[in-house]
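S.K.: Here's a structure for you.
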Amino acid sequence: MGEVLVEAKDLKKHFEVRRSPLDVILRRKSYIKAVDGIDLKIEKKQIVALVGESGSGKTTTGRLLIMLEKPTSGEIWFDGKRIDSASPKELRALRPRMQMIYQDPYGSLNPKLTVYQSVCEPLIVNKREHSKELVMEMLALAGLRPPERFLERYPYQLSGGQRQRVAIARAMILKPEFVVADEPVSMLDVSLRAEILGVLRQFNERLGVSFLLITHDLAVASQLAERIAVMYLGKIVEEGATRDVLSSPLHPYTQALVSVVPRIGEEKRKKLILQGEIPSARNIPSGCRFHPRCPYKKEVCARVEPELRRLNGVKVACHFAGELS
Ligand SMILES: Nc1ncnc2c1ncn2[C@@H]1O[C@H](COP(=O)(O)OP(=O)(O)OP(=O)(O)O)[C@@H](O)[C@H]1O
Ligand code: SF4
Ligand SMILES: [Mg+2]
């Protein structure tokens, strides 16, 4: 096993939300349990994918790991130091080492800045040496070639793919060790996705950047990530080597996700269509939180929450994992 760079231990983020009239009468607070006790490790130079349906808590997890969000409880470790209780000064020193790439390349770039200004800005803010050469080097690594052609352009003069490349160059210019890429290709044309994922891979291989790759697309995860964690309603339900998890998923939720991806699930298994929507993180079902949608549920499932346990080299949270196919 490689050296661990980022680690979450029993990490929770519960957002307090407006109380319903019943909450007010009962004088109770109401919470959205966006992240509800997860353990996750990301090694140096590793790409870990975090997958799951909308609302499962992926973005909140990513923001917590780089301390853009303060956890309700649990621990976050970065490069051997606990950072969830870091002082503002300590956090400022850490910021350049952890970056985020967002889904929306339109929203993440300032429309008033040229490409050069956008990519250079983090260097200036962090009082680092900056030069046109350095900016051009990053743009070229992000696939904007020849880079000098792009320096004076504004976001509106770029295509969606080019904007995302600029956003990536901007995130990488400080040579961070850890990057959270939150659905980095989901707003791009399908034809562009592999190329942009290739750019992330380049940064991983050449600069040794570790990534948490957040995606709801298993094909994206399988292209890039060595390991995969599957999240459901604030919990990780299965985690392991991407190859193992996607070729023989153990958790019924992962099985359902895999069965509807043509290239991965092709012919091998029947489509497993889940009933209903993911429940609200405000009202998490008892026992196994997946039980209202699980085709294999038994009586115990609504009562007892399954622990994440090791099985065939993978971690899985299901009472009957290994017995289901
Ligand atoms: N600042 C906030 N205040 C209150 N609730 C929040 C906040 N941020 C997220 N949530 C809630 O937490 C839950 C998890 O949200 P999150 O954005 O982490 O999910 P996600 O897996 O990234 O979803 P998506 O795939 O749609 O991006 C959702 O129910 C969401 O509404
Ligand atoms: S514990 Fe029960 S309800 Fe939960 S996934 Fe396993 S079989 Fe389904
Ligand atoms: Mg999200």
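S.K.: Explain nothing, just the number: dipole magnitude of the range 101-212 about its Cα centre with +1 on each Lys and Arg Cβ and -1 on each Asp and Glu Cβ, in debye rounded to the nearest 20. Mind showing how you got there, number by number?
M.R.: Numbers: 14 positive and 13 negative charges, 40 e Å.
Using only the charged Cβ atoms, the result is roughly 200 debye.
S.K.: Another question, then. Using a Gaussian network for the chain with springs between C-alpha atoms less than 10 Å apart, which of these wobbles most: I124, I168, I38?
M.R.: For the chain, modelled as a Gaussian network with Cα springs under 10 Å, the answer is I124.
S.K.: For a test of the definition: using alpha carbon positions, the gyration tensor, and the 1.5 limit on a/c, classify the range 41-80 as rounded, prolate or oblate. Spell out each step's value before the answer.
M.R.: On the way: a/c = 2.41, a/b = 1.13, b/c = 2.13.
Cα axes put the range 41-80 in the oblate bin.
S.K.: How many percent of DSSP beta bridges within the chain run antiparallel, rounded to 5? Let's see the in-between values first.
M.R.: Working: 29 of 46 bridges.
Expressed as a percentage, antiparallel bridges in the chain total about 65.
S.K.: Another question, if that's okay. Could you work out the local net charge near L308, counting Lys and Arg as +1, Asp and Glu as -1, over the other residues with Cβ closer than 9 Å to its Cβ? Display every interim value, and only then the final one.
M.R.: Details: positive: K235, R309, R310, K315; negative: D39, E238, E239, E307.
Net charge around L308: 0.
S.K.: Then there is this: Kindly provide the helix-only [θ] at 222 nm of the chain, computed as the sum of -39,500 (n - 2.57) over DSSP H runs of four or more divided by all residues, to the nearest 500 deg cm²/dmol?
M.R.: On the way: 11 runs with 97 residues, N = 325.
Rounded to the nearest 500, the figure is -8500 deg cm²/dmol.
S.K.: Between A302 and L113, what FRET efficiency comes out of the Förster formula 1/(1 + (r/R0)^6) with R0 = 56 Å and r the beta carbon distance, rounded to 0.05?
M.R.: Working: r = 53 Å, r/R0 = 0.95.
Plugging the Cβ-Cβ distance into 1/(1 + (r/R0)^6) gives 0.55.
S.K.: Cβ neighbours within 10 Å, averaged per peptide: list 82-90, 190-198, 240-248 in order, most packed at the top. Please report the intermediate quantities before stating the final value.
M.R.: Values: 82-90: 12.2, 190-198: 14.7, 240-248: 18.4.
Going by the mean number of other Cβ atoms within 10 Å, highest first, we get 240-248, 190-198, 82-90.
S.K.: Given charges of +1 on the Cβ of Lys and Arg and -1 on the Cβ of Asp and Glu, with all other atoms neutral, how large is the dipole of the range 1-79 about its Cα centre, in debye to the nearest 20?
M.R.: Values: 15 positive and 12 negative charges, 98 e Å.
The dipole magnitude comes to about 480 debye.
S.K.: Report the net charge of residues surrounding Y232, where surrounding means a beta-carbon distance below 11 angstrom and charges are Lys +1, Arg +1, Asp -1, Glu -1.
M.R.: Working: positive: K58, K235, R289, R293; negative: D36, E53, E238.
In short, +1.
S.K.: Would the chain count as rounded, prolate or oblate if I go by the C-alpha gyration tensor, calling it rounded below 1.5 in a/c and otherwise prolate when a/b exceeds b/c, oblate otherwise?
M.R.: Numbers: a/c = 1.93, a/b = 1.52, b/c = 1.27.
Since a/c reaches 1.5 and a/b is larger than b/c, the shape of the chain is classed as prolate.
S.K.: Using a ≥ b ≥ c from the Cα gyration tensor of the range 44-112 (square roots of the eigenvalues), is it rounded, prolate or oblate, where a/c under 1.5 gives rounded and otherwise the larger of a/b and b/c decides, a/b for prolate?
M.R.: Numbers: a/c = 1.70, a/b = 1.23, b/c = 1.38.
Because a/c hits 1.5 or more and a/b fails to exceed b/c, the range 44-112 counts as oblate.
S.K.: Less than 18 Å apart at the alpha-carbon level, and either on another chain or at least 8 residues along: which aspartates and glutamates does that give for K127?
M.R.: E90
S.K.: I've got another one for you. Treating only the Cβ atoms of Lys and Arg (+1) and Asp and Glu (-1) as charged, compute the dipole magnitude of the chain about its Cα centre; round to the nearest 20 debye.
M.R.: 660
Rule-based calculations on the coordinates, nothing more; no lab input. None of the values given here were measured: they were computed from a predicted structure. Quick reminder, even Gly has a Cβ in these numbers, built from the backbone with ideal geometry, and neighbours come from all protein chains shown.
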